[in-house]
1. Can you tell me which of Ala251, Ala268 is of a type in the set (Gly, Ala, Ser) and crowded, with 19+ Cβ neighbours inside 10 Å?
2. Have a look at Ala118, Ala128, Ala139 and point out the one that is more than 21 Å from Met264 (Cβ to Cβ), hydrophobic (A, V, I, L, M, F, W, C), at pLDDT 95 or above and open to solvent by 60 Å² or more (accessible area, probe 1.4 Å).
3. Can you tell me which of Arg191, Arg179 is in contact with a strand residue (DSSP E or B) (Cβ under 8 Å, 6 or more places away or on another chain) and among the basic types (Lys, Arg)?
4. Can you name the number of the only condition in (1) touching a Lys or Arg at 6+ places or on another chain (Cβ under 7 Å); (2) closer than 23 Å to Ala134 by Cα; (3) not hydroxyl-bearing (Ser, Thr, Tyr) that Glu279 fails?
5. Restricting the range 257-293 to residues that are of a type in the set (Val, Ile, Thr) and in contact (Cβ under 8 Å) with a residue 12 or more places away in the chain, which is nearest to Ala237 (Cα to Cα)?
6. Wholly within the range 166-276, which helices (runs of 4 or more DSSP H) include no fewer than the required count, namely at least 1 residues that are among the acidic types (Asp, Glu) and under 24 Å from Ala115 (Cα atoms)?
7. Conditions first: (1) at pLDDT 95 or above; (2) open to solvent by 60 Å² or more (accessible area, probe 1.4 Å). Ala82 passes all but one, so which condition is the exception?
8. Taking interchain pairs and intrachain pairs at least six residues apart, which have beta carbon atoms under 8 angstrom, with the first residue in the range 239-254 and closer than 12 Å to His266 by Cβ and the second open to solvent by less than 80 Å² (accessible area, probe 1.4 Å) and of a type in the set (Asp, Glu)?
Amino acid sequence: MIDQSDILAALRWHVDIGCDEAIGDEPLDWATLAARPAVARAPAGASALPPAAARPAPAATPRSAFGGAAFGGPSGASMFGAPTAADLPLGASEAGASARARAAEARSLEELEAALRAFDGCPLKATAMNTVFADGNPAADIMLIGEAPGEDEDRQGKPFVGVSGKLLDRMLAQVGLDRGTVYISNILPWRPPGNRSPTQAEIAACLPFLERHVELIGPKVLVPLGGTSAKTLLNRAEGITRLRGRWFDYASAGLSGPVPVLPMLHPAYLLRNPIAKREAWRDLLTLRQRFPG
């Protein structure tokens, strides 16, 4: 009998390395395929497989402790029993459409956070400890947007509370800002396993919530921190070293007009490359010169 803990460990490993969907519609019994005799090469244009009647029948798939096939049988049942339509994960396009519909219905930050917590279209939610929504002052003029929560943020449920968050607090303090005068969120509300970079599918699934988040806050300036955040908000391909320190515009149907955007280096990057702090200092001064209040 297959050990239940081994099955769960295998599933966890696949999720951690980013496997979030099956390649085929039905699982293959590789043990049966390996046991089949070799088929002689057929002439060009002819089928290489023997007639259906001559093919060996699939071997019985072992049953797991959950009552279903151990790794899916010929019928397509999963290890937890036959899946229903509600059990199947959303595809990328379905997840984006669902997120956009849910986000559009939110008329307040509280409703948006509730909609985000109820959203199951991003597989990162299954591996994260907490949904990291935002921190700071919702009435602030400056909205900072990072990439995704790290380990400390995932554990505490707040953005930028780890080592890079402490550096961000010190940077803001140098120009007279703090968490009472800015608002902070992320592109993704859930931590990618191992702090890996988010995939395009994960970003696409969560982006409608961020777009609605910006509309509800209505900031006077957006400050994306890091390359992923800047490229996502601006829909540009350049890296952060080319985008930082330059002014752009962000437009959305739910905003009264374009919002100025000033990309900056992520504090985590500055920790790895201390010499880049001089560029970050220039960007902070640029921000304060345009928005001194």
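The values are calculated or read from the model by the stated rules, or taken from the named source; none is laboratory data. Because the structure is a prediction, the values reported are computed rather than measured. Neighbour counts are summed over all protein chains in view; Cβ atoms, including those assigned to glycine, are modelled from backbone coordinates with ideal geometry. The area values use the complete protein model at the heavy-atom level, side chains included, leaving out ligands, DNA and RNA. Shrake-Rupley method; radii C 1.70, N 1.55, O 1.52, S 1.80 Å.
1. Being of a type in the set (Gly, Ala, Ser) and crowded, with 19+ Cβ neighbours inside 10 Å holds for just one of Ala251, Ala268, which is Ala268.
2. Details: Ala118 fails: open to solvent by 60 Å² or more (accessible area, probe 1.4 Å); Ala128 fails: open to solvent by 60 Å² or more (accessible area, probe 1.4 Å).
After applying the criteria, what remains is Ala139.
3. One residue alone meets the criteria, Arg179.
4. Tallying (1) touching a Lys or Arg at 6+ places or on another chain (Cβ under 7 Å); (2) closer than 23 Å to Ala134 by Cα; (3) not hydroxyl-bearing (Ser, Thr, Tyr), Glu279 fails exactly one: (2).
5. Val261
6. Because the criterion is at least 1 residues that are among the acidic types (Asp, Glu) and under 24 Å from Ala115 (Cα atoms), the helices (runs of 4 or more DSSP H) in the range 166-276 that meet it are 200-217.
7. The number of the failed condition is (1).
8. Partner pairs satisfying both residue conditions: Arg244/Glu279; Arg244/Asp283.
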